[in-house]
Structures are given as structure tokens and as C-alpha cells.
Amino acid sequence: MLLRNIILFATVVFFSTSNAQTWQQVASAPDNGRHHPVTFSLDGKGYMVTGSTDFVTSTSDFYEYDPVNDSWTTLTDFPGVGRGYSIGDTWNGKAYMGFGFGDNNDYLQDLWEFDPSTGQWTELTPCPCAERIHPTFVIEDGLLFVGMGNNDIDGNLKDWWEYDIANDSWRQLTDLPGGPRHHPYMFSANGDVYTGLGHGNGPGTVVYDDWYKWDIQNETWTQLNDFPAEGRVAGTQFSIGDRGFVLSGDGDDHGSMPTGEFWEYDHQSDSWTELPPHPGISRWAPGSFTIGNVVYFLAGEVRIGTNSGLKTDMYKFDLDEVVDVDQENLENISIYPNPAENVLNIVGDIDFSSSKLSIINSTGQEVLSASITNEKVDISNLSQGLYFLSIDSGKGTSRRIKFIKE
């Protein structure tokens, strides 16, 4: 049995399902429905590529969503093997996608990069690991971490691999300390990678509720508090700033849940907060992406009831309605102007000799880290968009403030 760190019990806040009306339906995807789409956002646009239209039939089609016009555009098909059960993430203005189940009924281990400035896909060095479907796949600090998943030879897996984007190279790391599994949840937060949950080995149906952190700098695993609700598998996840979120999926019995549960994870307290669920019952293998502080949820399959089947509808949810991104201990500190173009001014009682700041973009990437030397922060080199300014007092207290760069 694994030893756990001594940590505070998770604090959970429950919202009534009556809050589901805060989700708003927007333009449906231009297809006939699919599960396991690869979804991501870049430069203010959402994307959906590949996925399966039944249990094994794979696709190569590729779509772009414009939130301003609430419309979809069909792009040139993905040039690699058509696939389902694949997965992707973004880093530094590009998207990365790989693995899955190919249209030749084979398991895959390839890796691809998409550049929205050219509209081109580039094949990168494949993973020297076993082929697999729906593994953990998350990027942090220019490093892609892949692990778990399964295939028809090895079954469920628990290995852990690192891909260095700059060097196009792979290396194997220490296995996940928990049981082997496929279709886990995952995201990055505060410079580390978090993963867990998922479908494990029998006897019977095993759906995990355990949760882990991969410390990138020290290359170590830590087992954290268990997820505070039903075990979870086959949903979707994302990061905004330094917060991670999991959304929908199947419950303990690998079956539908009464609502499409939506949870936020706080890495500082190792705790979960339940947010308003998406409309309807939970979905198996949906997709999601975020643009600014807005979540878009789409596709997947409803597997019970009169509304069962593959879905094309999409909903959006503005996290500003429920997520307090100004939860802080240094309440007398503020910034101005907001929105800002070139300079942020910090106002309040702050010890500049011991405090540090970091700025994180809406996809969770740290774009600035420095000691605070005076009340002015130069943001002229940042791109336009949503950011989170985090101020650490050096005394165990912190302040996190959302701002817009014009």
C-alpha cells in the first residue's frame, strides 16, 4: 500500500443541479456526432479533429470554431492516419496530438504538431513506448508527458514518458505508483502535472478515484487526496491559469451519471469544488476547449435514455460566474489599469524586498516570473488576452488577480 503525504482533508462545496441553466447552447459541430474527438484552442479559436463515429470507425476531419461569429469552418483533413481514442494538448501557440486507434484497426504511438499560422501538420518522432489508446497526454514547460492507456497486447498500462518539444526527443520516467489504467483525467497546474482516475484492471469494473502529482523539477510522484465523488473515467479536462478542471464522463460502474458533473481542483489545498454540471446526463468521451475564461463542451455519447446517441451539440460556460479568481489572503493589494496595455501598477501594502510575482496565461503557461522590485510590471511583450497575476508575499500568503492585456 502506498504511503500518502500528510495533508488537509479536501474541502468540497456542492452546487445544486438547478444551476445548469448557466450553461448556454451555441453552434453545433458540423458533423454527425462522434466520441473521443481531439479538441483544443489556439489564438482565440476552438478546434476539433478526428474521433470515432461508432465503436471503431475513425475519422480524419478537422474543424475550426469562431466564438465571435459562433460558427464552424471545415479545414483540410488531418494528414495522418485517421483515428479515434486519440488525445492532444497545446503549447506555445501550437497543438500536439498523437496515439489512438487507427482506421486500419491498429494501435498508434505517433506524434503530430499543428501550426495555426500555416495550417500545417508536421509529424514528429514517435514515442518509443508501446502503442496505446487514450493515455494521459499533458504539456507543461515545453515537456509533453504521456502515460497509462491500453492496447490489445499489454492491456492497461502505467508507464510514464517525457517528450522534449525543443529537442524532439523522448525518455522514460518512473511509472505511476497507482494501478495501470486507461482513459485517466489530466491537466497541469502551478508548473506540475496532475493525473489519475480512469479505468483499471478487474475483477469486475474498476473505476479509480485516486489522484497524483508529477513533480517535474524533482521527477517524483506524490499521491494526493482521492477525488471526493464517484470514481471517474472517459470524460474531458482542461486548465485555466493555475487551476485544473474535470468535466463529465462515466461514474463508478463505467456508466452514465445523472448529471454531467463539473469539478475544479485547487492544487494549493489539494481540494475539489463542484461547479454547475453541463445540461443533461453525463457523456462518455466528450471534448472541451477553453477560450479566455469560457469553457466549450461538445460531442461525446449519451448512452442511456430517449436522448441517447452521439452528439453534435455544444455548450459554453463562463467561469467568471462561479470561479472566484480573486481568492487571496493579501486582500489590500490590487492592480490597475485592467484591462492594461503596457504596464500594470501594483497598489497596496506589499514588501517589495521579499515578494515575487508570476504571470500565467489562460492555457496555464507561465509567461513571466520575477521578484517584485517596484509597483510597476512591464507587460508590453505579452500577447493580447486573459492572464492571472500571482503575487507571493514570501510569508505563506498570496494574491491571485485576473487581468486582461489589450
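Farthest toward the dipole's positive end in the chain, which of Thr74, Gly98, Phe55, given Cβ charges of +1 (Lys, Arg) and -1 (Asp, Glu) about the Cα centre?
The residue sitting farthest along the positive end of the dipole is Phe55.
What is the chain's relative contact order, in percent, from Cα pairs under 8 angstrom and six or more apart in sequence? List each step's numbers first, then the result.
Working: 1137 pairs, mean separation 54.7, N = 406.
Once normalised by length, the contact order is 13 percent.
Cut-off 19 Å, label point 7 angstrom out along Cα-to-Cβ of Thr22: give me the residues of the range 274-294 whose amide nitrogen falls inside.
Under cut-off, by backbone N: 274-282, 289-294.
So if we plug the beta-carbon distance of Asp226 and Asn104 into 1/(1 + (r/R0)^6) with R0 = 22 Å, what FRET efficiency do we get, rounded to 0.05?
E between Asp226 and Asn104, to the nearest 0.05, is 0.05.
Kirkwood-based Rg over Rh for the range 89-151 (C-alpha set), two decimals? Walk me through the intermediate numbers first.
Numbers: Rg = 12.0 Å, Rh = 12.3 Å.
Rounded to two decimals, Rg over Rh is 0.98.
Rounded to the nearest 0.05, what FRET efficiency is calculated for Gln384 and His254 with R0 set to 35 Å and r the Cβ-Cβ distance?
After rounding to 0.05, the efficiency reads 0.25.
Please report the relative contact order for the range 100-248, taking Cα pairs under 8 Å with a sequence separation of at least 6, and give it as a percent rounded to a whole number.
After rounding, I find 15 percent.
Where the centroid of each part is defined by its Cα atoms, how far is the range 204-252 from the range 83-139 in Å?
Going from one Cα centre to the other spans 21 Å.
For the modelled label position 7 Å from the Cα of Thr174 along Cα-to-Cβ, which residues of the range 206-233 have backbone nitrogen atoms closer than 14 Å?
What the label zone holds, given the 14 Å backbone N cut-off, is 212-224.
Got a sec to turn the phi values of the range 92-107 into Karplus ³J(HN,Hα) couplings, 6.51 cos²θ - 1.76 cosθ + 1.60 with θ = phi - 60°, whole Hz, x for Gly and Pro?
6, x, 9, 10, 10, 8, x, 6, x, 10, x, 6, 9, 6, 10, 7
Past 20 Å, Cα to Cα, is the threshold; run Lys376/Lys405; Lys158/Lys213; Lys45/Lys213; Lys356/Lys402; Lys356/Lys376 against it and keep the listed order.
Lys45/Lys213
Would you mind counting up the charge near Asp89? Only other residues with Cβ under 12 Å from its Cβ, with Lys and Arg at +1 and Asp and Glu at -1.
Values: positive: Lys94; negative: Glu113, Glu140.
Local charge sum for Asp89: -1.
What residue among Tyr185, Tyr65, Tyr387 has the largest mean-square fluctuation in a Gaussian network model of the chain, using Cα springs under 10 Å?
Tyr65
For the residue pair Thr373 and Ile404, what label-to-label distance in nm results when each label sits 7 Å from Cα along the Cα-to-beta-carbon direction?
With each label point 7 Å from Cα toward Cβ, the separation is 3.1 nm.
Given H placed 1.01 Å from N in the peptide plane, which residues other than close sequence neighbours of Leu75 have an amide H under 5 Å from its amide H?
Phe62, Tyr63, Glu64
Taking the Cβ of Val302 as the centre, find all other residues whose Cβ is under 12 Å away and add up their charges (Lys, Arg: +1; Asp, Glu: -1).
Here the count lands on 0.
Throughout, read-outs are computed from the coordinates displayed, never taken from laboratory work. Since we're looking at a predicted model, the values are computed, not measured. Glycine gets a Cβ as well: all are built from the backbone with ideal geometry, and neighbour counts include every protein chain shown.
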